[in-house]
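The values are calculated or read from the model by the stated rules, or taken from the named source; none is laboratory data. In this text the structure is predicted, and so the values were computed from the model without any measurement. Here the Cβ positions follow ideal geometry from the backbone for every residue, glycine too, while neighbour counts run over all protein chains shown.
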Amino acid sequence: MQASDQGAPKSQAALNGQDLRIGIVQARFNDAITSRLAEACVAELRLLGVSAHHIRHVTVPGALEIPIALNAMADSEDYDALVALGCVIRGETYHFELVANESGAAVTRVSLDNQIPIANAILTVENEEQAWARAEEKGRDAARVAVEMANLMEELQ
């Protein structure tokens, strides 16, 4: 690496998913939206060079169940990075805050406890329209984050 390249941010073109193993945990609650997240995520992983047989995609009932599945995947040491996909839409009760806060905090805890990057694409939105407006791009973003962070962790270790 040349001195001028040090510290320069990686461009999207530099993202290389070859030989990476990625685990995806998708909540089924708000399934149409989370399925759109998953489709975009998997498609982007494939564009980045992640082999189809190196992508493991599982589903769980809702956002609060995502962290335990992520933890099981992390414990297996079979993955270079993980992706959390879910959608929490604000309702009329405090339940939204509980699910949004607890699922987010637990995903972070799994990542730190297991030293594995987790791209958190659990949408927390006011309404279904906002969720649809974000689903495809956030799914692609999650794939890019997973690949970039897996490569960075390999570099740092």
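Out of R90, R46, I need the residue that is closer than 18 Å to A146 by Cβ and over 12 Å from the mean Cα position of the chain (by Cα). Which one? Working first, answer last.
Details: R90 fails: closer than 18 Å to A146 by Cβ.
Only one candidate qualifies: R46.
For every residue, the table says whether it meets (1) at negative phi; (2) modelled with pLDDT under 95.
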site: S103; (1), (2): yes, no
site: V107; (1), (2): yes, no
site: L112; (1), (2): yes, no
site: Q115; (1), (2): no, no
site: I118; (1), (2): yes, no
site: W132; (1), (2): yes, no
site: V145; (1), (2): yes, no
site: Q157; (1), (2): yes, yes
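One line per residue, one yes/no per condition, for (1) in contact with a Pro (Cβ under 8 Å, 6 or more places away or on another chain); (2) of a type in the set (F, W, Y); (3) farther than 26 Å from G17 by Cβ:
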{"position": "E77", "(1), (2), (3)": "no, no, no"}
{"position": "G91", "(1), (2), (3)": "no, no, yes"}
{"position": "H95", "(1), (2), (3)": "no, no, yes"}
{"position": "E102", "(1), (2), (3)": "no, no, yes"}
{"position": "R109", "(1), (2), (3)": "yes, no, no"}
{"position": "N120", "(1), (2), (3)": "no, no, no"}
{"position": "L123", "(1), (2), (3)": "no, no, no"}
{"position": "N127", "(1), (2), (3)": "no, no, yes"}
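Name the single residue, out of those in segment 114-138 being in contact (Cβ under 8 Å) with a residue 12 or more places away in the chain and loosely packed, with under 12 Cβ neighbours inside 10 Å, that is farthest from G62 (Cα to Cα).
Q115
Which one of these does V58 not meet: (1) β-branched (V, I, T); (2) under 23 Å from D113 (Cβ atoms); (3) crowded, with 21+ Cβ neighbours inside 10 Å?
So V58 meets the others, but not (3).
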